[in-house]
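Enquirer: Below are the structure tokens for one structure; questions will follow.
The values are calculated or read from the model by the stated rules, or taken from the named source; none is laboratory data. Owing to the predicted nature of the structure, the values given are computational and were not obtained by experimental measurement. In this analysis, Cβ positions are derived from the backbone assuming ideal geometry, glycine residues included, and neighbour counts consider all displayed protein chains. Just the protein is used for accessible areas: all its heavy atoms, side chains included, with ligands, DNA and RNA removed. Shrake-Rupley method; radii C 1.70, N 1.55, O 1.52, S 1.80 Å.
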Amino acid sequence: MKILEEIKLLSQRYSQEVVGFRRHIHAHPELSYQEFNTVQYVEQQLRSFGITAIQSLATTGLVAEVQGKNPGKKTIALRADMDALPILEANNVPYKSTNAGVMHACGHDVHTSSLLGTAKILNEVSAKFEGTIRFLFQPGEEKNPGGASYMIRDGALKNPTPAGIIGQHVFPFLPVGKIGFREGMYMASADEIYLKVIGRGGHGATPELAIDPIVIASHIIIAMQQVISRNASPKQPTVLTFGNIIGKGATNIIPDEVNIAGTFRAMNEVWREQALQKIEKLAVGLAESMGGKCEVEISRGYPYLENNPELTRRIKQAAVEYVGKDNVVDIDITLGAEDFAYYSQVVPASFYRLGTRNEAKGLTSYVHTPTFDIDEDALAIGPGLMAWMAVKELEV
Ligand SMILES: [Zn+2]
Ligand SMILES: [Zn+2]
């Protein structure tokens, strides 16, 4: 049997087992960097498939390998994230979260179970390909600094460095059965901006005796918008949003300080650095010119995610072979962020989307909501599709 047919057959055969993995992980979610039971479960499953090349790293992450013939020929890495979110699940399903207040609302249970399925399939067909497939099960995608950075620090992309890395994410905008790709620019860097505007409080009726941080903060917020509208190239997607402002005065009290917090996102690492400097300079300078002060704290998040064009084109072609041309779609950029971006800074990387939406079944909720769920039919596709992509990449 041709390897493509065999992979398809195995993906179908194991789909219920993979659904079982998914339901177990979904029912037992763990927050970022606390995925102790999840990673143990993953290791147990891998060992039950007969995979023994397993190395634990990043505290709650692991790397496993399946070698084909001529294992030194080439290595391709596949990645899944394992952490859940601090959300109280509102779905009434048999596999509902048993850890109240914690929920797999971003589909990382799906990514983990799908990659387990991929590993099982590839382990079974290993006599039919040349090279090595490395499986990265990482912690902490949802929380800075991002588990991917720890995986890289601990050597997940070394000995040898893989020729490429592929990641998959559920997509509730895309109907089940469809797979979405984007070449080049795909997701944004995301940094948190914290501004403390310091003035001098006083009576609302005697502003001349105070330094009003509310007025300074208002000027800063408005002025900041020109960092985007006048400094960023109109050809460059970028956004600055302040979603939080706290000034605890009253109708007749000018407070001492105002705190503002926001997010800055960009699709270009050079512009990202320039913009962060401009933001700081403008906030400090403006506050000073009005008699106050501004303390700026920038918490750096994930970098910009670039999908390597050649790798993306090839895995998209592999998807066409696997699910047919009609089920492969191009997707737009998003200013969401993903820590998969760290890998894309080290090796050619591609991050694609697995359709999980089903309107007829009422499965339309977006990720990070208490009603998010997927059409599990996606788990009949995901494992084999990724296995096929990996096998094809080894042949390049
Ligand atoms: Zn998420
Ligand atoms: Zn996610």
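Enquirer: Looking at the structure I just gave you, is I246 open to solvent by less than 70 Å² (accessible area, probe 1.4 Å), of a type in the set (A, V, I, L, M, F, W, C) and touching a strand residue (DSSP E or B) at 6+ places or on another chain (Cβ under 8 Å)?
Expert: For I246, the condition - open to solvent by less than 70 Å² (accessible area, probe 1.4 Å), of a type in the set (A, V, I, L, M, F, W, C) and touching a strand residue (DSSP E or B) at 6+ places or on another chain (Cβ under 8 Å) - is not met.
Enquirer: Of the residues that sit in the range 281-328 and are over 30 Å from the mean Cα position of the chain (by Cα) and free of Cβ contacts under 8 Å to residues at least 60 places away in the same chain, which one is surrounded by the fewest Cβ atoms within 10 Å (Cβ to Cβ)?
Expert: S289
Enquirer: Checking P213 against (1) open to solvent by 20 Å² or more (accessible area, probe 1.4 Å); (2) farther than 30 Å from Y304 by Cβ; (3) not polar (S, T, N, Q), which test does it fail?
Expert: Going through the list (1) open to solvent by 20 Å² or more (accessible area, probe 1.4 Å); (2) farther than 30 Å from Y304 by Cβ; (3) not polar (S, T, N, Q), P213 breaks only (1).
Enquirer: Further question on the same structure: If you scan the range 260-272, which residues turn out to be over 21 Å from the mean Cα position of the chain (by Cα) and open to solvent by 50 Å² or more (accessible area, probe 1.4 Å)?
Expert: The answer is V270, and nothing else.
Enquirer: What pairs come out if I take residues in the range 143-162 that are in contact (Cβ under 8 Å) with a residue 24 or more places away in the chain and among the β-branched types (V, I, T) and pair them with residues that are assigned to a helix (DSSP H, G or I) and crowded, with 24+ Cβ neighbours inside 10 Å whose C-beta lies under 9 Å away, six or more apart or interchain?
Expert: So the pair list comes out as I152/Y343.
Enquirer: How many residues, within the range 187-213, are in contact with a strand residue (DSSP E or B) (Cβ under 8 Å, 6 or more places away or on another chain) and over 16 Å from G285 (Cβ atoms)?
Expert: Summing the residues that are in contact with a strand residue (DSSP E or B) (Cβ under 8 Å, 6 or more places away or on another chain) and over 16 Å from G285 (Cβ atoms) in the range 187-213 gives 16.
Enquirer: Also, quick follow-up: Tally up the residues in the range 23-42 that are in a helix (DSSP H, G or I), touching a residue at least 24 places away in the same chain (Cβ under 8 Å) and more than 16 Å from D373 (Cβ to Cβ), please.
Expert: The number of residues fulfilling the criteria is 4.
Enquirer: Consider E124 against the criteria (1) closer than 20 Å to G382 by Cα; (2) of a type in the set (D, E); (3) within 16 Å of ligand 1 (Cβ to nearest atom): it satisfies all of them except one. Which criterion is unmet?
Expert: That leaves (3) as the condition not met.
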